[in-house]
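Data first, discussion second: the structure below is written as structure tokens.
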Amino acid sequence: MPPTPTISDAEWEVMNVVWDQHPISAADITHALPRRSTQTVKTLLNRLLKKGALRYEAQGKKYLYRPAVPRERCLRQASKTFITHVFAGDPHSLVSHLLEHHRLSEDDLHALQDQLDQHKQHNKQNSKKRRP
């Protein structure tokens, strides 16, 4: 599997549109990103093609863009890089920061607790499989 491309903030904007609406033309991407000019969108598309994040197919006089990399793979890479750079590689520090500095609704807290419980259960199952 080729390495996951590193995507800039502006490129994330384009990729999110492509992931949500592919196949999609440059004109439709520009329409979805009104803050970005046509030329900027085309520049970002070319960068993403060179990085291997997108692929395209010609359809008449226009190109239709599709993701070449799943969103989840890019999210995993970006979050890993973020945790490494901002929280010295410690995911616990990230979660603690979020809990201390961001309001979470009761629903958010319940969903988070459910995820933690599932993660604990998954870890228990994996540790049982590894025992001789």
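For region 85-132, which trypsin sites (Lys or Arg not before Pro) are in a loop by DSSP, counting at most 11 other Cβ atoms within 10 Å?
Here the trypsin sites (Lys or Arg not before Pro) that fit, given the DSSP loop and packing criteria, are ARG103.
Quick query: amide H of SER25 versus all other amide H atoms, modeled in the peptide plane; which residues come in under 5 Å with a sequence gap of 5 or more or a different chain?
TYR65
Bear in mind these aren't lab numbers, they're just calculated from the coordinates by the rules spelled out. Bear in mind the structure is a predicted one, so any value in this text is a computation, not a measurement. No Cβ is skipped: glycine too gets one built from the backbone with ideal geometry, and neighbour counts run over all protein chains shown.
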